Each structure stands twice: as C-alpha cells, then as structure tokens.
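Here the structure comes first, spelled out in structure tokens, and everything after it is commentary.
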Amino acid sequence: MARRSTKTPPPDDFEERILDIDVVDEMQGSFLEYAYSVIYSRALPDARDGMKPVHRRIVYQMNEMGLRPDRGYVKCARVVGEVMGKLHPHGDASIYDALVRMAQPFSMRLPLVDGHGNFGSLGNDDPPAAMRYTECRMADATSLMTESIDEDTVDFQPNYDGQEREPVALPAAYPNLLVNGASGIAVGMATNMPPHNLGEVIAAARHLIRHPGADLDTLMKYVPGPDLPTGGRIVGLSGIRDAYETGRGTFKMRATVSVETVTARRKGLVVTELPFTVGPEKVIAKIKDLVGSKRLQGIADVKDLTDRAHGLRLVIEIKNGFVPEAVLEQLYKLTPMEESFGINNVALVDGQPLTLGLKELLEVYLDHRFDVVRRRSEFRRGKKRDRLHLVDGLLVALIDIDEVIQLIRSSENSAQAKERLMRRFALSDVQTQYILDTPLRRLTKFDRIELEAERDRLNAEIEELTRVLESDAELRKLVSNELAAVAKKFGTERRTVLLESAAAPAAAVPLQVADDPCRVLLSSTGLLARTPNGNPFEDGGGKRVKHDVVVSCVPATARGEVGAVTSSGRLLRISVIDLPQLPESTPSPNLSGGAPLSEFLSLEADERVVCLTTLDESSPGLALGTEQGVVKRVVPDYPSNKDELEVITLKEGDRIVGAVELRTGDEDLVFITDDAQLLRYQASVVRPQGRPAGGMAGIKLAEGAKVISFTAVDPSADAVVFTVAGSRGTLDDSVQTTAKLTPFDQYPRKGRATGGVRCQRFLKGEDCLSFAWAGATPARAAQKNGAPTELPEIDPRRDGSGVSLGKPVAVVAGPPA
C-alpha cells in the first residue's frame with residue numbers, strides 16, 4: 001500500500017531560486033561569525049567588571065532573585081534554571097560549572113558565591129556534587145558587584161530572545177578582574193590571568209587616582225605580584241614584571257614545604273600549600289608513578305593527612321640515607337609541586353580584545369568606575385530634585401491650607417480643583433497632583449516642620465552631588481574613598497610568598513647521605529643510636545644522666561650495616577642509616593635520643609641482644625660465652641645476602657650470656673659464675689670455628705652452678721671486676737646485699753676449662769652472685785630503668801666480702817671502645 005505524501009505543494013506563482021555561493025566564502029563567513037560569538041559572548045572577560053557573560057548573568061540573576069548574604073540558601077539547580085531560561089542560551093552544565101568555580105575558595109581569591117554542600121576539591125580530585133544537592137547564595141563581596149545597578153549606573157541590553165534585559169557590565173565596586181583573575185580559550189586567542197590581593201590592587205588603584213601619570217615601578221610597589229588562593233611560593237619576579245608591562249609573562253609556582261621529623265626514625269617533607277590549580281591527588285599519583293619507574297629516589301611513603309581542621313597536609317616520608325632537601329629539589333623538577341603560570345592579560349575593552357598591562361587594566365577599571373559613580377550621582381540628584389519639587393509644593397499648600405481646602409471643596413471635580421490650584425498658587429502639574437493625593441493627616445503643624453527639615457536636607461544633598469558632578473577632583477576623591485572602604489572590609493593578608501629567585505640550589509647537595517665513619521651504640525636500656533666518628537662520650541666529670549651506660553659500641557659507616565648478637569645465638573643485621581643520629585653537641589654521654597631495639601629487630605619473648613658487632617670479615621671475630629660454660633670464637637663469615645645468621649649451635653636449655661667482638665685477638669676471656677668463681681685466660685687458646693659449630697668447654701662448673709657473666713678484657717688496660725652477692729631464694733634480682741669492686745690484675749690466668757678462682761666471699765644470708773662484670777675503667781653502673789647509680793670503692797682483696805649498695809645495680813659497662 002503506497003504512502004500518501006503529506007508535503008504541501010508549492011503555490012502556482014512560486015518561483016524557484018538557487019544561489020551559487022562559493023564554499024570558501026561561506027566557510028569564512030560562518031567561521032568569523034562563530035569566532036565573534038566565542039570571543040565576545042563566551043570566552044573573554046570584560047576589562048570593566050572582570051566577568052565573562054556567564055558569570056555576569058549568574059551574579060545578576062542571583063541579585064534579581066534576592067539571594068543576598070543575609071537570606072537563606074536555595075538549590076543551585078534553581079539558580080541555573082533561572083539563568084538558563086532568562087539570560088544564557090547554553091547548556092546547564094556550563095552554567096553550573098561556572099557557578100561552582102565562583103564558590104571555590106581555592107579557585108577565587110575573593111569568592112563570589114557562598115556555597116553550601118560539596119563544591120569540589122583542589123585540583124578537582126573530588127568533583128562537586130550535582131546541582132540538585134548543592135545550595136548557594138551571594139557572597140558578602142558579591143553585593144558590591146551589583147551595588148547601585150538599579151540607579152542607571154550601567155547600560156542594559158536585550159537578552160537572547162528580547163523578552164528580558166541584562167546588564168552590559170556590572171557596576172563592580174572593586175577591580176574583580178585583577179583580584180580573581182580569569183582564564184578562557186577563544187578562537188585565535190586566550191586569556192590567563194592570576195588572582196591578586198584585594199588590598200594591594202586597591203592601593204595601586206587609589207595611587208593611580210591621585211597620580212594618573214604613575215609609572216609601572218611605582219604601581220608594583222603596591223602590587224608586587226600575584227596572590228594565589230592556595231598560597232605557595234612564586235619564584236622569579238622578572239616574568240611578573242614583563243606581564244605587568246606588556247600583558248604577557250611567565251612565573252613559577254612552588255609548593256610550601258617544610259622538613260619535619262614525621263616518625264621516630266624518619267624525616268619527611270610536609271606540604272601545606274600547593275601551586276594554583278594543583279591538587280594533592282595529582283601530586284601523589286605522579287610521585288607513585290616516578291617511584292615505580294625508579295626515576296625518583298628516596299621516597300618511602302606518601303600520605304595525605306588533609307582535613308578541615310588543619311587544611312592541606314601532604315606528608316612525604318624520606319628514606320633514611322637520603323638528604324630531604326635534595327629529594328625536594330627532585331620533586332620540584334619532576335612533579336606538579338612546581339608549575340609554570342603563563343600570564344596572558346587578554347580582555348575586552350570597548351568590545352575589542354586587547355592585551356593589557358597592569359596600568360592599563362587599572363585605568364580601564366577606574367574609567368568604568370568613574371562613569372558608574374557619575375551616572376549614579378546624576379540619578380540620585382535627579383531623584384532628590386524630584387522629591388524637593390514635591391516638598392516645595394506641599395509647603396506652599398501648608399502655608400495657605402485653609403484657602404487650599406476651601407478651593408478644593410468648592411470645585412466641581414478633581415480636574416477643576418487641580419486646575420484652580422495650579423492657577424492660584426503657580427504650582428506644577430506634579431506638585432498639584434501630589435497635594436491632592438496627600439491625606440489630611442499629613443497637613444498638621446508637625447508635618448510642616450518635618451517637611452522643612454527634609455527640604456534643607458535635600459538641598460544639602462543636591463549641593464553635594466552637584467559638587468561631585470561638576471568637579472573631577474571630587475569625583476576621583478569619592479571613588480578613592482569608596483575603594484578604601486572596600487579594602488578595609490574585605491582585605492586580607494597576602495598568602496603567596498614572592499621570591500626573587502630560588503634558594504641555594506639543592507643540586508649541589510648530594511642526594512644520599514655520605515658514607516661517613518660513625519659509631520653505633522647500644523645503651524643498657526636497649527636504645528640504639530649512631531654518632532659521628534670520634535668520642536662524644538668523653539667523661540668531663542659532669543653530672544650523670546639517664547641512659548648514659550653504653551653496653552656495646554662498634555665502628556661503622558653511615559650507609560653500612562652492623563650485627564646484633566642475641567642470647568639465642570642469632571646474628572641480625574641492622575642498617576646503620578636507619579638509626580637516629582645523636583647531635584654532635586650532646587652535652588652529656590647519654591642515648592636519650594636513641595630508638596628502642598624493637599623498632600629494628602623482631603626478638604622472641606625470652607631473647608635479648610647481648611652485643612653489637614661489625615660485619616668486617618678481616619677482624620678476629622666474635623667471642624661467645626654461654627650459661628653452661630661453653631666458649632666459642634666465631635670465624636667472621638657473614639654472607640651479605642642473609643639478614644639473619646646463626647653464630648653458634650646451642651645445646652638444649654643453654655643461652656648466650658655474653659659476647660664481644662675481639663679487636664686484636666690478644667684479649668683475655670673472662671667467665672664469672674654464680675658460685676663466685678672467676679676464670680681468666682687468653683683468647684688465643686680458643687680455636688676459631690665456623691658459624692654452625694657448637695663451641696668448646698670454656699669453664700668447669702660446679703654442680704648446680706651457671707655462668708652469669710662473660711667478657712673480654714685488654715690485659716694492658718686498667719680494668720676491674722664488679723660482683724654483687726645475693727640469695728638464691730630471692731625472686732627479685734633487685735634485692736641485693738653486698739657488692740665488691742676489685743682490680744682485674746688481682747686474678748691470675750688459668751687454663752681453659754678449669755674451675756677458676758674465688759672472686760667474692762659470701763656473708764651470712766648470701767649464697768650466690770646475682771650480678772657480675774669485668775671490664776676496663778672508668779666503669780659506670782645503672783639501674784634497670786637506666787638511672788645512674790654509683791659503684792663502691794675499690795677493694796684490693798681478691799676474695800674479700802662486699803659492702804652494702806645504696807641502689808640496686810642492673811648493668812655495668814666500661815667506656816665505649
């Protein structure tokens with residue numbers, strides 16, 4: 001079945017006309033029309049109020065809707081609908097995007113919209129919520145943009161369909177274009193203007209009002225550079241001056257970063273301000289990408305600790321062994337923590353896109369403001385003259401009120417009354433109509449006094465407005481005072497720091513910490529630290545402090561490793577660079593600034609570290625002594641691919657009570673047992689063994705006895721033996737009875753695996769040694785918590801009895817080697 005055509009046939013007199021148009025001409029014309037529309041109606045701001053059409057329409061429509069700062073919030077969707085339906089013939093997404101940006105304090109130096117809800121985050125890492133969820137109203141400063149717009153201060157034009165009218169430019173009580181900046185891409189041109197500080201811009205504008213011939217250098221004393229909403233630092237001011245002079249220039253923005261100790265073991269870079277339009281997620285993603293591709297070294301972790309209470313806080317942890325300042329220089333070079341901003345001051349002036357410098361931008365704004373204030377003054381003077389005309393007429397009627405009433409009553413109608421009043425009292429049509437419309441209650445004696453006062457006030461105000469309109473100096477003074485009031489109310493401190501150039505280049509600083517010699521120390525309380533090479537623990541005779549007893553000290557390098565020997569026969573590697581470094585100006589020999597062993601090693605419940613050792617395979621090796629009297633010298637064989645090594649195979653129930661790294665191999669090994677026997681013999685009589693070996697007999701133990709101390713002593717050095725007697729029935733080791741300090745040379749050498757000699761005679765109630773130690777002097781003692789305690793006087797008797805202790809002794813150590 002054929003379909004019937006519904007097309008209307010042409011009329012009989014229709015004459016078909018076909019025009020041949022060159023496609024080149026058509027494309028040129030269409031493109032020029034499109035370019036014109038983009039340039040003038042979308043992408044470029046007006047130099048007078050600093051707004052693109054969409055921003056101007058949003059602000060104007062919000063003002064028309066009564067969304068002032070003292071009113072409640074309304075849904076953004078309502079504002080977008082009003083703007084789109086009445087003024088802006090484009091999509092709702094573009095309108096809402098513009099509204100959102102006007103509410104973001106990190107995008108606008110002086111936000112124009114007071115937003116309620118999720119309006120996005122810095123760098124658009126967290127996009128804003130839909131307009132059906134968010135709410136808005138005008139910000140406090142926005143009312144200044146539309147102030148006196150209903151007083152014939154600006155021209156209006158028809159909207160897109162001719163049914164509404166919209167302003168060509170807003171009155172703009174402050175230089176919005178410089179304060180909030182602008183960005184846009186048109187056809188064949190673009191604009192990119194940074195925000196500035198309101199107080200600085202107004203100060204420059206007021207100076208230009210007083211001195212129209214001021215040069216750029218003078219204006220830059222007031223406006224030294226941009227003031228970005230996100231703060232940060234601007235490095236290099238030459239590009240800023242070029243932009244202020246020619247309208248084009250470039251400057252670098254840097255994040256604000258400080259070096260802080262972020263954990264007990266690591267330093268970090270704490271970022272509190274980022275470059276303009278850069279968000280933390282963008283920085284984090286770039287850092288992770290660079291670390292993954294091994295283009296960036298020294299980064300251990302990145303954490304975003306930003307919150308509403310403290311603002312932006314991006315913590316970049318630095319690996320131990322890397323110089324934070326050098327890593328920061330890499331971050332500036334490779335990540336968005338340093339960005340360039342290209343200034344391109346293109347704005348519309350009298351409908352033409354021009355590239356403007358700082359002075360030209362201020363001049364265009366001030367000319368607009370002079371015109372606004374002049375038109376406002378003319379409008380207000382006209383209104384006040386009209387009111388004065390009515391007041392004068394009413395006063396004339398009040399003088400002869402009886403005659404006026406009689407004349408009105410005797411008239412046939414209101415038209416006759418109006419005509420007779422105009423003829424009798426020489427009144428105008430407007431005055432006469434006002435008299436007729438005035439109720440009788442306004443014609444009292446008191447109202448006459450009020451009208452006379454109003455007449456005098458109106459005359460004074462008209463005279464003031466006339467003086468402003470007739471004097472250019474008065475007009476300029478008024479504009480300057482109004483700008484000063486705006487700066488006083490809305491001015492804020494500068495956020496962005498301006499730097500003439502970058503600080504000393506960190507490229508001269510090596511990225512990694514130098515592998516300088518140092519020493520690794522272990523305190524009696526289990527604190528580890530490293531200190532520069534030398535002896536920062538020289539005893540100057542000062543007062544002792546907590547944690548000043550160093551039980552083990554080994555030489556190392558900053559980027560090297562040391563070993564920790566545990567009571568279960570394990571040797572665990574420790575990276576020296578991970579250890580906290582004590583300051584060189586440590587006033588007293590103590591490790592209060594150290595870190596506990598638990599941060600570096602995982603130990604069993606009943607396992608403890610007995611000494612530190614170098615991993616130097618050219619050394620004489622380790623000497624170990626166990627609780628069951630076994631001695632062993634370990635061949636220094638430490639494979640670099642293993643973090644945990646076994647240095648002795650212990651018998652069941654045995655454990656290491658002491659270990660020491662031999663320096664020369666000529667030291668004396670010293671065993672002390674709990675039944676007060678001391679055995680001393682040369683280390684050379686012990687044959688070195690491989691790491692898996694179980695050692696050999698070191699001392700002959702009596703039944704039930706055990707070794708409580710094993711050390712190595714240089715026979716040529718001054719040394720002592722310290723012992724403390726106690727009772728086996730005492731569960732608390734802190735309960736001690738007597739102690740004795742004896743010169744080491746009082747004890748003779750004997751053979752390996754013998755019984756040794758007695759080192760202390762027990763008194764009544766004593767049946768064992770609870771603590772013992774042998775080593776070089778000067779010796780220091782401490783309690784379990786590291787608090788210092790004093791040793792008794794030296795007793796020359798080898799097997800004498802002890803003396804009472806003032807405080808219990810938990811550890812004794814000699815000076816660090």
Gap separating the Cα centres of segment 195-270 and segment 317-370, nearest whole Å: 8
Three-way shape call for the chain based on the alpha-carbon gyration tensor, with the a/c threshold at 1.5: prolate
Helix 324-334 vs. the chain, principal-axis angle (Cα, 0 to 90°, nearest 10): 40
Top positive-direction residue, dipole computed over segment 517-813 with Cβ charges, set THR566, GLY658, VAL551: GLY658
Whether segment 368-490 is rounded, prolate or oblate, judged on the alpha carbon gyration tensor where a/c under 1.5 counts as rounded: prolate
Loop-exposed GluC sites (Glu not before Pro) per DSSP, neighbour cap 13 Cβ within 10 angstrom, longest uninterrupted part of the chain: 17-411
0 to 90° range, to nearest 10: angle between helix 472-490 axis and the chain longest Cα axis: 40
Dipole of the chain, positive direction: furthest Cα of PRO743, VAL235, MET193, with charges on the beta-carbon: PRO743
Neighbour-count order for MET131, MET27, fewest beta carbons within 10 angstrom listed first: MET27, MET131
FRET efficiency estimate (nearest 0.05) - Cβ-Cβ, ASN785 to GLU652, R0 30 angstrom: 0.35
Inter-centroid distance (Cα atoms) of segment 661-731 relative to segment 560-626, Å: 21
Top positive-direction residue, dipole computed over segment 256-336 with Cβ charges, set PHE276, THR306, GLN330: GLN330
Difference of contour (0.36 nm per residue) and Cα-Cα distance, GLN406 to THR218: 60.5 nm
Summed residue charge, Cβ within 13 Å of THR492's Cβ, Lys/Arg positive, Asp/Glu negative: +1
Between helix 358-399 and the chain: long-axis angle, C-alpha atoms, 0 to 90°, nearest 10: 50
Loop-exposed chymotrypsin sites (Phe, Trp or Tyr not before Pro) per DSSP, neighbour cap 14 Cβ within 10 angstrom, longest uninterrupted part of the chain: 161-817
Computed label-point distance, nm, for sites ARG455 and GLU26 using a 7 Å Cα→Cβ extension: 7.4
Neighbour cut-off at most 16 other Cβ (10 Å), DSSP loop, trypsin sites (Lys or Arg not before Pro), segment 69-110: ARG71
Within segment 256-336: Cβ-based charge dipole about Cα centre, in debye rounded to nearest 20 (Lys, Arg +1; Asp, Glu -1): 260
Residue order, fewest to most beta carbons within 10 Å, for ASP140, ASP456: ASP456, ASP140
Proxy reagent accessibility, fewest Cβ within 10 Å first, across VAL259, VAL657: VAL259, VAL657
Dipole magnitude (debye, nearest 20) for the chain, charges at Cβ of Lys, Arg, Asp, Glu: 2240
Shape call, segment 517-813: gyration tensor on alpha carbons, a/c limit 1.5: oblate
Total charge dipole magnitude, segment 368-490, about the Cα centre, Cβ charges on Lys, Arg, Asp, Glu only, Debye to nearest 20: 540
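No value in this document is a laboratory result; all are computed from the given coordinates. None of these values were measured; they are calculated from a predicted model. Neighbour counts run over all protein chains shown; Cβ positions are idealised from the backbone, glycine included.
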